[in-house]
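To start, the structure under review is shown below, and the notes come after it.
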Protein chains: 2
Amino acid sequence: MPFTLEDIAKISGYSRSTVSRVINKENGVSEKARIAISKIIEENDYQPNLAARGLASGKSKIFGLVISPGINDLFSDSFYSLLMQGVTKACAEKDYSVMLWLSKMLSKEELIAKITNNSILDGLIISSIEYQDPMIDEIINSKIPFVMVGQNSPNKSIHFVDTNNSKSAFQAVNYFIELGYKRIATITGPTNKIAGRDRLEGYKMALAQNNIEIDPRLIELGYFSDLGGYSAMEKLLDYQPEAVFVASDTMAFGAIRAIKDAGLQIPDDIALIGFDNIPTSAEMSPPLTTIHQDIQKMGEIAVDMLIYLISNKNKEIENIILPAELIIRESCGTKLKE
Amino acid sequence: MPFTLEDIAKISGYSRSTVSRVINKENGVSEKARIAISKIIEENDYQPNLAARGLASGKSKIFGLVISPGINDLFSDSFYSLLMQGVTKACAEKDYSVMLWLSKMLSKEELIAKITNNSILDGLIISSIEYQDPMIDEIINSKIPFVMVGQNSPNKSIHFVDTNNSKSAFQAVNYFIELGYKRIATITGPTNKIAGRDRLEGYKMALAQNNIEIDPRLIELGYFSDLGGYSAMEKLLDYQPEAVFVASDTMAFGAIRAIKDAGLQIPDDIALIGFDNIPTSAEMSPPLTTIHQDIQKMGEIAVDMLIYLISNKNKEIENIILPAELIIRESCGTKLKE
DNA sequence: AATAATTTTGGGAGCGCTCCCAATTGTTCA
DNA sequence: TGAACAATTGGGAGCGCTCCCAAAATTATT
């Protein structure tokens, strides 16, 4: 039988209330009591019963994490793993637990029912569902506080953290243009996801701003996967692009194989810029120029926002858009073409 | 304010107890009462408070999932994602929730304290920690029922599901030998993890059984990662192996790049067999011969075992070792050498 | 028709905590 | 020194459920 508050109280000679205050780091406890009680808690490895606390306080200290990867994406797109790591880390530090929901494993109705009826959740972090997924409306109705990772709707009152996808893509493509490339293609992610949309948007903006016509044949869908990148690149090769902005490093790896299999050189025949800066990208041959975004940090910020939301129900909160950074390596070439 | 049991009781004219029985589908309730109460529950969208239920019953319907990937492994090794998917799916179907713990995000002590004293967990699924990690002893002490994915200890009373790693590795290497290869190298995973150990074990057994001497220079550690596979392969190239058994597909991808970068052909110069059969492996050039293991199913079985354990505290339960299958594609070559 | 057996229902006790207010102790200042 | 105040401590009430046993209603049995 695990120890209870009452047990610790008895052992320490203080009351249940005082012990509770120590555990919850409330003030109004003498230094002497705090030290004595802490010691006994430590010695007996006491941990409060979360169910009891949840019942008494109406708060569970549990956040739900909802992500919607396809069956293979979870592995092939590093986004999910980094996000999970950021969220679990921040939650652990802040004494929250994380409940995981992989939404593709359930029907949408089931998922919503499970989540909204789950009276045990204090809040929700939701990511990578489809743009303007109607699920969000149901979650709003359920009154559970939530934060999105990746802006999901133009509705600014839905709280979110995001990377500045379009601006970063813009910079990448702009950099190609500065280097003198003209026929710039892109391999995009699915456009029903915000990252896919925004990165494509940035690509188009950069071309438009430099008066380069957008050629639909130079835009291929790669689904954020390695294989998608490979076959998208195969198709693009028919139109002989000089440079390709690939909207994720994972797709870029597929694209690199396609280029090599076609007997072409990077960056001499085709220059490449990726997106994500996953660990492998620095070690590719050639090393991949890419955009670094701190996904783990996004997860951490989402947790912080959620905690803030819960404790400041009526105050406003700013959505956060993190900058991303273009990391120049060899795959994009260096010499200016005239 | 959400409705409580008592509210539903009052509205229906029955007692708290009877309403509770209806909700928990217990018998001993008249058809009349059941119908009347069900209707009122439905109308008012009543959902029991899980914290209260947990406190009163001592059961939470929550399982903890503990995995210990390094910061990059979570992404680079498909094992984790597939396992998560299997576990979350099976739990959702069985009306359990999944609490996620990425153990590398916390110190070992913290993790153990959080888990073992987390009175809210009904059971634990633990995977990919180090072989004979002392953490397991603490979890045994804590009396929380748990199941390991991947055998972690020779102690048979620790319940586990696993793939037959050593046998499958044996088959792979044996297949090389049947094809006539003699200088067979291997790239291993970390040997403090069971999958790493067992696959290496199978490699050695196959050589031994065919009277081929084990050459330590033909064994390189690849840490189950793409980059690890690349540099392990680079080193192996110095000793000119004819064939390499790579203990994971992810490492095999790195190895393939290393071979190609050295200007060699697969399988003509070097034959390759991987392990895992991740989706990309069929699409590599050349398509990768590999061993298919159903990780998702392991996750599902772990959940089933755990549920069985909880409801049959004293009964014995068989550990399960799933077979794996050698999938022959082009990377291992086909022609018999003389 | 009376009793026994069975089905159905009701309500007290208690799970381990938080919240709140009252009681106690300690400190300050005239 | 004693009153006024602040800091600290203690314990009752209650969160919403399950568990258990007793009471009531219903049915079966002689």
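The values are calculated or read from the model by the stated rules, or taken from the named source; none is laboratory data. Being a predicted model, the structure only gives us computed values, none of them experimental. As a convention, Cβ positions derive from the backbone with ideal geometry for all residues, glycine included, and neighbour counts pool all protein chains shown.
Observations on the structure shown:
- Near pairs, Cβ below 6 angstrom, 6+ apart or cross-chain, from the stretch B:193-204 (part of a helix (DSSP H, G or I)) to any residue that is of a type in the set (F, W, Y) and buried (at least 24 other Cβ atoms within 10 Å of the Cβ): B:Y203/B:F245
- Evaluating B:Q265 against the criteria (1) more than 14 Å from chain A (Cβ to nearest Cβ); (2) surrounded by fewer than 24 Cβ atoms within 10 Å (Cβ to Cβ) leaves one unmet condition, (1).
- Residues of the stretch B:20-69 that are more than 8 Å from DNA strand D (Cβ to nearest atom), within 41 Å of the chain's Cα centre (by Cα) and among the β-branched types (V, I, T): B:V22, B:I41, B:I62, B:V66, B:I67.
- Inter-residue pairs, beta-carbon under 9 Å, first closer than 18 Å to A:S57 by Cβ and in the stretch A:20-32, second within 7 Å of DNA strand D (Cβ to nearest atom) and assigned to a loop (DSSP other than H, G, I, E, B), 6+ apart: A:R21/A:N27; A:R21/A:G28; A:R21/A:V29; A:V22/A:Y14; A:V22/A:V29
- Residues of the stretch B:216-261 classified as closer than 20 Å to B:S168 by Cα and of a type in the set (K, R), total: 0
- Residues that are surrounded by 14 or more Cβ atoms within 10 Å (Cβ to Cβ) and within 10 Å of chain B (Cβ to nearest Cβ) number at least 3 in the following helices (runs of 4 or more DSSP H) confined to the stretch A:1-104: A:50-57, A:73-76, A:78-93.
- Residue count, the stretch B:240-278 (criterion: more than 12 Å from B:T186 (Cβ to Cβ) and in contact with a helix residue (DSSP H, G or I) (Cβ under 9 Å, 6 or more places away or on another chain)): 21
- Failed item in (1) under 26 Å from B:M284 (Cα atoms); (2) assigned to a helix (DSSP H, G or I), with A:F245 passing the rest: (2)
- Those residues of the stretch B:300-338 which are closer than 20 Å to B:S60 by Cβ and either at pLDDT 90 or above or among the hydrophobic types (A, V, I, L, M, F, W, C) (or both), in sequence order: B:A302, B:V303, B:D304, B:M305, B:L306, B:I307, B:Y308, B:L309, B:I310
- In the set (1) over 26 Å from A:E201 (Cα atoms); (2) more than 14 Å from chain B (Cβ to nearest Cβ); (3) not basic (K, R), A:I112 fails one condition alone, (2).
- The numbered conditions (1) modelled with pLDDT under 95; (2) more than 30 Å from the chain's Cα centre (by Cα) are all true for A:R217 except (1).
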